[in-house]
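The values are calculated or read from the model by the stated rules, or taken from the named source; none is laboratory data. Computed from a predicted model, the values in this text were never measured in an experiment. Note that each Cβ is placed from the backbone with ideal geometry, even for glycine, and that neighbours are counted across all protein chains shown.
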């Protein structure tokens, strides 16, 4: 890459081989739902497959379980999530030479020692629990490790930030059932993910959660003022409670000059369900914008509270030079070039999320809330 020191690239590749590199959010699940799509083959399209993950030195990936909600969704979403969980588990079983299903930080460490990719499950969107704590518990038993509380629309119990257009508040943050969801996530040992939520929801989650909170794929609002990004106050507050912010690689969230995409093309892109993406704009985002977001968060709260959550296979445009997961060492090299140490970057690349996972699971193992007095199992 132009301007990148060869020594730093070599050092970055060696670091990726040595440490645990974790991506906390990808949408490759939608591609895996096609039984004819083989992740063991290097593909010319999309962002993730096993060969390119090996090239990128990636040890673990959280695969998002997601289904598009509508403004009038009335249940039935959990079935779509169950089908995707089954598919992810089937993929892990069919590719045991390359990957292994994982749920804990220790599982990830063991997979790294074995030279296999750890596949983890994240539930992207609270609408998928069908307003039921029992469904949430079922997802946990089947291996889900975090819940992203909202996606592009409000749920019946939490307000979303929206994505391509702003949303008028519906609840002013969390409803009482929404607070019960946070308590149940704590009890189950699942991470609470505040990517996609409204500002009101964000602050109320931090008031309720007894465990560190994570933003699995959110960039910095101070660098690019998109509603999906998190403010400096939010990042500081996550860090103060032991949580982490994981920078999203989507051009729309990184680049303050990124043009609003054509809504028709965005709808077409969402509807494709993981098929090869059509460009929604010809705008090119410079690689440096991605580095700037990580640099900003690191300068703000230090290396203990920052990570990467690429959103690979879930976004129509990435920065030039970060076209897929094989390019991740270049990001590490760029941060080395800006003066960060390998010890700092070991935390950013994966150790931070392992710490949050362990904190959440330790809370649950200690008994957590055991029983949430008066908790309604459904909204």
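Among the residues of the stretch 15-45, those that are in contact with a helix residue (DSSP H, G or I) (Cβ under 6 Å, 6 or more places away or on another chain), more than 18 Å from residue 352 (Cα to Cα) and in a loop (DSSP other than H, G, I, E, B) comprise 33, 37, 39, 40, 42. Of the residues that make up the stretch 144-158, is at least one out of contact with any helix residue (DSSP H, G or I) (no Cβ under 9 Å at 6 or more places or on another chain) and surrounded by fewer than 20 Cβ atoms within 10 Å (Cβ to Cβ)? The answer is no, given that none of the residues of the stretch 144-158 is out of contact with any helix residue (DSSP H, G or I) (no Cβ under 9 Å at 6 or more places or on another chain) and surrounded by fewer than 20 Cβ atoms within 10 Å (Cβ to Cβ).
Of the set (1) at pLDDT 95 or above; (2) closer than 19 Å to residue 163 by Cα; (3) surrounded by fewer than 17 Cβ atoms within 10 Å (Cβ to Cβ), all apply to residue 271 but (1).
Before we move on, is residue 127 surrounded by fewer than 19 Cβ atoms within 10 Å (Cβ to Cβ) and under 29 Å from residue 260 (Cβ atoms)? Break it down stepwise before answering.
Numbers: surrounded by fewer than 19 Cβ atoms within 10 Å (Cβ to Cβ): no; under 29 Å from residue 260 (Cβ atoms): yes.
Judged against the criteria, residue 127 is not a match.
Does the stretch 58-78 contain any residue that is crowded, with 17+ Cβ neighbours inside 10 Å, at pLDDT 95 or above, touching a strand residue (DSSP E or B) at 6+ places or on another chain (Cβ under 7 Å) and assigned to a helix (DSSP H, G or I)? Looking through the stretch 58-78, none of the residues is crowded, with 17+ Cβ neighbours inside 10 Å, at pLDDT 95 or above, touching a strand residue (DSSP E or B) at 6+ places or on another chain (Cβ under 7 Å) and assigned to a helix (DSSP H, G or I). Against the conditions (1) over 19 Å from residue 53 (Cα atoms); (2) over 20 Å from the mean Cα position of the chain (by Cα); (3) without any contact (Cβ under 8 Å) to a residue 40 or more places away in the chain, residue 76 satisfies every one except (3). Among the residues of the stretch 293-329, those identified as over 23 Å from residue 212 (Cβ atoms), surrounded by fewer than 21 Cβ atoms within 10 Å (Cβ to Cβ) and at pLDDT 95 or above are 320, 321, 323, 326, 327. Take the conditions surrounded by 17 or more Cβ atoms within 10 Å (Cβ to Cβ) and at pLDDT below 95 and apply them to residue 92. Does it pass? No. Being in contact (Cβ under 8 Å) with a residue 40 or more places away in the chain, surrounded by fewer than 22 Cβ atoms within 10 Å (Cβ to Cβ) and assigned to a loop (DSSP other than H, G, I, E, B) is a property that residue 167 lacks.
With respect to the numbered conditions (1) farther than 21 Å from residue 32 by Cα; (2) not in a helix (DSSP H, G or I), which one is the sole condition not fulfilled by residue 123? The one condition residue 123 does not meet is (1).
Does the stretch 354-363 include one or more residues that are in contact with a strand residue (DSSP E or B) (Cβ under 6 Å, 6 or more places away or on another chain), over 20 Å from residue 311 (Cα atoms) and surrounded by 24 or more Cβ atoms within 10 Å (Cβ to Cβ)? Scanning the stretch 354-363 turns up at least one residue that is in contact with a strand residue (DSSP E or B) (Cβ under 6 Å, 6 or more places away or on another chain), over 20 Å from residue 311 (Cα atoms) and surrounded by 24 or more Cβ atoms within 10 Å (Cβ to Cβ). Quickly run through the stretch 187-238 and pick out the residues that are closer than 19 Å to residue 23 by Cα and in a helix (DSSP H, G or I). Scanning the stretch 187-238 gives 235, 238.
Quickly run through the stretch 169-199 and pick out the residues that are closer than 29 Å to residue 257 by Cβ and either at pLDDT below 95 or touching a strand residue (DSSP E or B) at 6+ places or on another chain (Cβ under 8 Å) (or both). Before you say what the answer is, go through the steps one by one.
Kept after step one, since they are closer than 29 Å to residue 257 by Cβ, are these residues of the stretch 169-199: 169, 193-199.
Answer for the stretch 169-199, where residues must be closer than 29 Å to residue 257 by Cβ and either at pLDDT below 95 or touching a strand residue (DSSP E or B) at 6+ places or on another chain (Cβ under 8 Å) (or both): 193, 194, 195, 196, 197, 198.
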